[in-house]
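**Student:** Mind looking over this structure? Questions follow.
The values are calculated or read from the model by the stated rules, or taken from the named source; none is laboratory data. In this text, all values refer to a predicted model and were calculated from it rather than measured experimentally. Cβ: placed from backbone, ideal geometry, glycine included. Neighbour counts: every protein chain shown.
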Amino acid sequence: MADAIAKRHGPDMSAAVKDALLSGLIALGLFGPLVGLRTEQNMRNELVVQGRWGLLASVIGVIVVGRFLLLTLVWPAMAARKERAGPASETPSAVRQAVSRWFAPTSLVFLFLYPVIIVSLLGFQGSLKWVDNFGIQILIYVMLGWGLNIVVGLAGLLDLGYVAFYAVGAYSYALLSSHFGLSFWILLPMAGIFAALWGILLGFPVLRLRGDYLAIVTLAFGEIIRLVLINWRELTNGSSGISSIPKITLFGIKFDASPDGFAKIMDLPISSAYYKIFLYYLILLLALLTAFVTIRLRKLPVGRAWEALREDEIACRSLGINTTNTKLTAFALGAMFAGFAGSFFAARQGFVSPESFTFMESAIIVAIVVLGGMGSMVGVALAAVAMIGGTELLRELAFLKTIFGDNFNPDQFRMLIFGLAMVGIMIWKPRGFVSSREPTIFLAERKTISGSLVKEGHG
Amino acid sequence: MEVFLQQLINGITLGSIYGLIAIGYTMVFGIIGMVNFAHGDVFMTSAFIALIFLLVLTTVLGMSSMILALIIVMVIAMVLTSLMSWAIERVAYRPLRGSFRLAPLISAIGMSIVLSNFVQVAQGPRNKPIPPMLSGGIEVMNSNNFAVTLSYKQILIWVVTAVLLAGFWYLVQKTSLGRAQRACEQDRKMAALLGVNVDRTISLTFVMGAALAAVAGTLFLAYYGVVNFSDGFVPGVKAFTAAVLGGIGSLPGAVIGGLLIGLIETFWSGYFSIDYKDVAAFSILAIVLIFMPQGLLGRPEVEKV
């Protein structure tokens, strides 16, 4: 009845006004003290409160107006569109299928050409930022996302302490290269093996756990490893970290200004861009290795066992699958790729400290996997680009200073927006960006199915 | 003996704070089976709200009675934190109810990031110290030049915690709201069929958890005299540990678990190493979950095919 009236006369204006004012009142309660009154230390180190009523008024104003527009314009428009579109089908349309088929090869070509494009557009010096902050940074997270995808997306084991294995890889490289002078190419597989061993070691006790409990225990393990790194000062130098970690060499050629360095041998002007571009291709290859191994493993018995485990653990066990081995291989392989990524991270930064391996990092990686659509490789990569690239872009918004004044620092909103995006994307698309899946096994005909038909696992 | 007694007093104080936070975790987990990751940051935000109103009362309005100011601040913090938790549940969790299992967890992690970074942006990243208040205490024992003291702040924390828990116990056991809550915990669909407003009950669960977290936040501020935007995570995880240790879903379990975690932490830092006190807490979490997932007072989870 009420719906029918609303349809004929458009949205109910007076109710919308009331609702908007009510949300303004709630916003006053939520933001009043925290935004309106800022605590600052004065010259005598005493805390005093300063009123920021203008800011508070504008925040509340935005909320009231936003709520009003949502109620009167956005939601009715969305409801009308939904009505016209009719019920959504379980199988995506043909256009979507074509896009999803061609998206991966196209973006792969683009990724290989990316440094070339950037260098030809901006020159070697101008390319530094785009290759390093965007290219390498995003690809590290793509690789971590793909690695964790094995554990969370395929085997259905929620791991909130994944960053621990990343830390193991990073510290293995940092310690072994600075104490024993071993090269990156020897330590890369070693870091992977160490991380995989830790994966098995931490995987053993949690085999019986499932669901949220597993998530919390892995979180605890991640934190324990970080706290040990902070407190075991003799080995890890505590929270000040390990610095001047050796760089990576290419067949013994160093990327520096020395006579036998890369620039001199190739007869090029000296620039740090070559090293960055080299690192870019290295992490790209490592990430692709992760993807390749994952895709191949899905076709092997162990990969099938992971997915079976995710769908139904009890059925899995009753069909004779060894769930212990299945879980441990998932943990070990996921951890191994984190170890690779960690040693790359240590070599790229030249510095590691426990600060880089907080729970926040684990949360970001899990968020990337879930937001991308668990189990979907393309989705995870897209989520990494959107979340990491998007927050990196915020560093570039210096022009906002001209609008909001010099004290305005867009960088500090980075994680705030990241968190809001996490909540927003979950509400908008609980199944992640890519909500369709390609089943590994099919009867007669391969067709893409909706992500909501895939279980997320209990363990 | 003196050290032991002093650590016992400190441990019970710390444990009371953990217990108050743990109730929020255990109730929400009991009713909708979700780990409310943002609860630790709700606690931290409530400490900030308390800080701001304490400063307004003492420096701007010139209130001189510290106890009265603290009580007023606690009530304001309870109200505003409840409102915040209600809004969070409404915006970030309710749309995801009935969705797949990981969605609310990710949303909660996102909300936790939002809260801590919001406070950082709004109030600045530095530590916020307040002048010491309610100093002094009772000397319980004095021998070998080691005075065991029970400070007034500790007495305040004990009394407030005991009174609130008693009131809360009455609310859950004797009122219709508590009955509705326990009904939803057992079977949400059946409760809805019998006329319990499930959405409202779940909202109220979040509100009650947040109110107790706000008390914990105010007491935390009064006890330590300093608060920082990153103070939510570690107490949050420890309180969750307490909830798990006591048996998640069980209210007395949460309080007992909180006291145990507080005692273990203070004894560990008193007798072993203060550096590894968080490692001890996290290890207990792992060990309890692995060997005794149902906790001290919880019911074992039976899986049906």
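**Student:** Does any residue of the stretch B:242-260 turn out to be in contact with a Ser or Thr (Cβ under 7 Å, 6 or more places away or on another chain) and among the hydroxyl-bearing types (Ser, Thr, Tyr)?
**Tutor:** Yes, that holds for at least one residue.
**Student:** In the set B:Ser112, B:Ser135, B:Ser107, which member is touching an Asp or Glu at 6+ places or on another chain (Cβ under 7 Å) and either buried (at least 21 other Cβ atoms within 10 Å of the Cβ) or not basic (Lys, Arg) (or both)?
**Tutor:** B:Ser112
**Student:** Also, I was wondering about something else. Among (1) free of Cβ contacts under 8 Å to residues at least 40 places away in the same chain; (2) in a helix (DSSP H, G or I), which single condition is B:Leu164 missing?
**Tutor:** Every condition holds for B:Leu164 apart from (1).
**Student:** If you don't mind, there's one more thing I want to ask. Any idea which of B:Val119, B:Val73 is β-branched (Val, Ile, Thr), in contact with a Ser or Thr (Cβ under 9 Å, 6 or more places away or on another chain) and either part of a loop (DSSP other than H, G, I, E, B) or more than 10 Å from chain A (Cβ to nearest Cβ) (or both)?
**Tutor:** It is B:Val73.
**Student:** Among the residues that make up the stretch B:131-138, is at least one of them without any contact (Cβ under 8 Å) to a residue 24 or more places away in the chain, farther than 28 Å from B:Glu89 by Cβ, assigned to a strand (DSSP E or B) and away from chain A (no Cβ under 14 Å)?
**Tutor:** Within the stretch B:131-138, one or more residues are without any contact (Cβ under 8 Å) to a residue 24 or more places away in the chain, farther than 28 Å from B:Glu89 by Cβ, assigned to a strand (DSSP E or B) and away from chain A (no Cβ under 14 Å).
**Student:** Please state which one of B:Gly40, B:Gly30, B:Gly19 is in contact with a Ser or Thr (Cβ under 9 Å, 6 or more places away or on another chain), in a helix (DSSP H, G or I), on the phi < 0 side of the Ramachandran plot and away from chain A (no Cβ under 14 Å).
**Tutor:** Sole residue among the options that is in contact with a Ser or Thr (Cβ under 9 Å, 6 or more places away or on another chain), in a helix (DSSP H, G or I), on the phi < 0 side of the Ramachandran plot and away from chain A (no Cβ under 14 Å): B:Gly19.
**Student:** Among the numbered conditions (1) touching a residue at least 12 places away in the same chain (Cβ under 8 Å); (2) among the aliphatic types (A, V, I, L, M); (3) in a helix (DSSP H, G or I), tell me where B:Val196 comes up short.
**Tutor:** Checking B:Val196 against (1) touching a residue at least 12 places away in the same chain (Cβ under 8 Å); (2) among the aliphatic types (A, V, I, L, M); (3) in a helix (DSSP H, G or I), the one that fails is (3).
**Student:** Looking at A:Gly10, A:Gly61, A:Gly36 in this structure, which one is at pLDDT below 80 and surrounded by fewer than 13 Cβ atoms within 10 Å (Cβ to Cβ)?
**Tutor:** Just one listed residue meets the conditions, A:Gly10.
**Student:** Shifting gears a bit: Report, ordered by the first and then the second residue, all pairs with beta carbons closer than 9 Å, sequence separation of six or more or different chains, a first member in the stretch A:240-251 that is within 8 Å of A:Gly350 (Cα to Cα), and a second member that is part of a strand (DSSP E or B).
**Tutor:** A:Ser243/A:Phe351; A:Ser243/A:Val352; A:Ser244/A:Phe351; A:Ile245/A:Phe351; A:Ile245/A:Val352; A:Lys247/A:Lys254
**Student:** Residue under question is A:Leu219, and the condition is that it be facing chain B (nearest Cβ under 10 Å), buried (at least 24 other Cβ atoms within 10 Å of the Cβ) and not in a helix (DSSP H, G or I); does it hold?
**Tutor:** Working: facing chain B (nearest Cβ under 10 Å): yes; buried (at least 24 other Cβ atoms within 10 Å of the Cβ): yes; not in a helix (DSSP H, G or I): no.
Against the criterion (facing chain B (nearest Cβ under 10 Å), buried (at least 24 other Cβ atoms within 10 Å of the Cβ) and not in a helix (DSSP H, G or I)), A:Leu219 does not qualify.
**Student:** Please determine whether any residue of the stretch A:195-210 is in a helix (DSSP H, G or I) and farther than 21 Å from B:Phe282 by Cβ.
**Tutor:** yes
**Student:** Follow-up. Can you tell me which residue among B:Leu134, B:Leu165, B:Leu171, B:Leu177 is touching a Lys or Arg at 6+ places or on another chain (Cβ under 7 Å) and of a type outside the set (Ser, Thr, Tyr)?
**Tutor:** Just a single option satisfies the conditions, and that option is B:Leu134.
Let's see how each residue does on (1) more than 9 Å from every other protein chain (Cβ to nearest Cβ); (2) surrounded by fewer than 19 Cβ atoms within 10 Å (Cβ to Cβ); (3) closer than 30 Å to A:Arg208 by Cα; (4) touching a residue at least 40 places away in the same chain (Cβ under 8 Å):
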position	(1), (2), (3), (4)
B:Tyr224	yes, yes, no, no
B:Ala242	yes, no, yes, yes
B:Gly249	yes, no, yes, yes
B:Phe267	yes, yes, no, yes
B:Leu297	yes, yes, yes, yes
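**Student:** Here is a further query. How about the stretch A:294-379: which helices (runs of 4 or more DSSP H) wholly inside it have at least 3 residues that are modelled with pLDDT of 85 or more and among the aromatic types (Phe, Trp, Tyr)?
**Tutor:** Per the criteria, A:323-349.
**Student:** Name the residue that is modelled with the highest pLDDT, counting only residues in the stretch A:186-214 that are under 24 Å from A:Glu311 (Cβ atoms) and at the interface with chain B (Cβ under 8 Å from one of its Cβ atoms).
**Tutor:** A:Val206
**Student:** To continue, here is another question. Looking only at the stretch A:182-204, decide whether some residue is without any contact (Cβ under 8 Å) to a residue 60 or more places away in the chain, within 30 Å of B:Phe29 (Cα to Cα) and crowded, with 16+ Cβ neighbours inside 10 Å.
**Tutor:** Within the stretch A:182-204 (the criterion being without any contact (Cβ under 8 Å) to a residue 60 or more places away in the chain, within 30 Å of B:Phe29 (Cα to Cα) and crowded, with 16+ Cβ neighbours inside 10 Å), the answer is no, since none of the residues qualifies.
**Student:** Now a separate question. Restricting to the stretch B:95-123, what's the tally of residues that are free of Cβ contacts under 8 Å to residues at least 24 places away in the same chain and more than 22 Å from the chain's Cα centre (by Cα)?
**Tutor:** Residues flagged as free of Cβ contacts under 8 Å to residues at least 24 places away in the same chain and more than 22 Å from the chain's Cα centre (by Cα) within the stretch B:95-123 amount to 10.
**Student:** When you scan the stretch B:76-104, how many residues do you find that are assigned to a helix (DSSP H, G or I) and at the interface with chain A (Cβ under 7 Å from one of its Cβ atoms)?
**Tutor:** Of the residues in that region, 9 qualify.
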